[in-house]
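Please read the structure below before turning to the comments.
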2 protein chains.
Amino acid sequence: MSDVFAALADSTRRALLDRLFVKNGQSLSDLHHGMAISRQAVAKHLQILETANLVSIHWQGREKLHYLNPVPLGDIVHRWLGKFEDARIEALTEFKEQIEKPQNQKEEKRRA
Amino acid sequence: MSDVFAALADSTRRALLDRLFVKNGQSLSDLHHGMAISRQAVAKHLQILETANLVSIHWQGREKLHYLNPVPLGDIVHRWLGKFEDARIEALTEFKEQIEKPQNQKEEKRRA
DNA sequence: TTGATATGCAACTATATGGTTGCATATAAG
DNA sequence: CTTATATGCAACCATATAGTTGCATATCAA
């Protein structure tokens, strides 16, 4: 899971996932096209995404095709982010209370 | 949003969020307690979480209390991760197809 | 006031990260 | 066969990151 979070920390890598989301199965050259960095830099990013299991590759002749694997993203949502999501509404209320009356002044502006 | 992803990339920071999830409103010393790194290191991590708006602070005397703010987590789930989540089932099917018959060999083992 | 506790600030260090360039290799096309 | 295309490997570089230590400051308690 750590690999996934680390992979998502970089905006270039998130952009690559976005591109694959729009059009799956692109080659390194395809994905490099239009990016302001070198092909090698893109290749390194894709390698990191592959290690995080967010992208799977398939060789077709001399072309390395990249396929998005959304499973690890679902995993982190369900296994980690989800719990915060569930507590979101409750936490918001509780949060406001704690911020607004850190000391026990709950009767102060009762009638204002 | 980039700040949030960067903040989540570090496992110590995720552990701090976990701790605040269990018990909200802890001080720096509280959060430092039991961690294998220095108080200053913890303080830096908390500063990063604060900048990402994942944690809000409230001073109570000499104690700096930390409160979890789950809103940015919900935002990244809904505004970014969500689209992959939605496409998860569909992508899985499509993905398997593309991987398993990259060339057009679909009649090969039809009766095996 | 004195001492203990809670935090902040700043300098410093080691390693990770994202990027580059140069060259090598493999496949496709003429 | 020769050339162009697609990718890989490796060395190198600058900056970011995560950690440290030392000292200063503010608050609480005796």
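All of the numbers you see were taken from the coordinates with simple rules; none came from a lab. No experiment lies behind these values; they were computed from the predicted model shown. All Cβ positions, glycine included, derive from the backbone under ideal geometry; neighbour counts span all protein chains shown.
Listed here are the residues, each with its yes/no results for (1) touching a helix residue (DSSP H, G or I) at 6+ places or on another chain (Cβ under 9 Å); (2) aliphatic (A, V, I, L, M); (3) without any contact (Cβ under 8 Å) to a residue 24 or more places away in the chain.
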| site | (1), (2), (3) |
| --- | --- |
| A:L17 | yes, yes, no |
| A:S27 | no, no, no |
| A:H32 | yes, no, yes |
| A:H45 | yes, no, no |
| A:L54 | yes, yes, no |
Seminar exercise, completed: By my count, helices (runs of 4 or more DSSP H) wholly in the stretch B:39-91 with at least 2 residues that are within 16 Å of DNA strand C (Cβ to nearest atom) are B:39-51
Exercise. Restricting attention to the stretch A:1-32, which residues are away from DNA strand D (no atom under 14 Å from the Cβ) and β-branched (V, I, T)?
Worked result: A:V4, A:V22
Exercise. When the stretch A:1-38 is examined, which residues are found to be closer than 22 Å to A:W80 by Cα and either within 11 Å of DNA strand C (Cβ to nearest atom) or not in a helix (DSSP H, G or I) (or both)?
Worked result: A:M1, A:S2, A:D3, A:F5, A:A6, A:A7, A:L8, A:A9, A:D10, A:S11, A:R13, A:R14
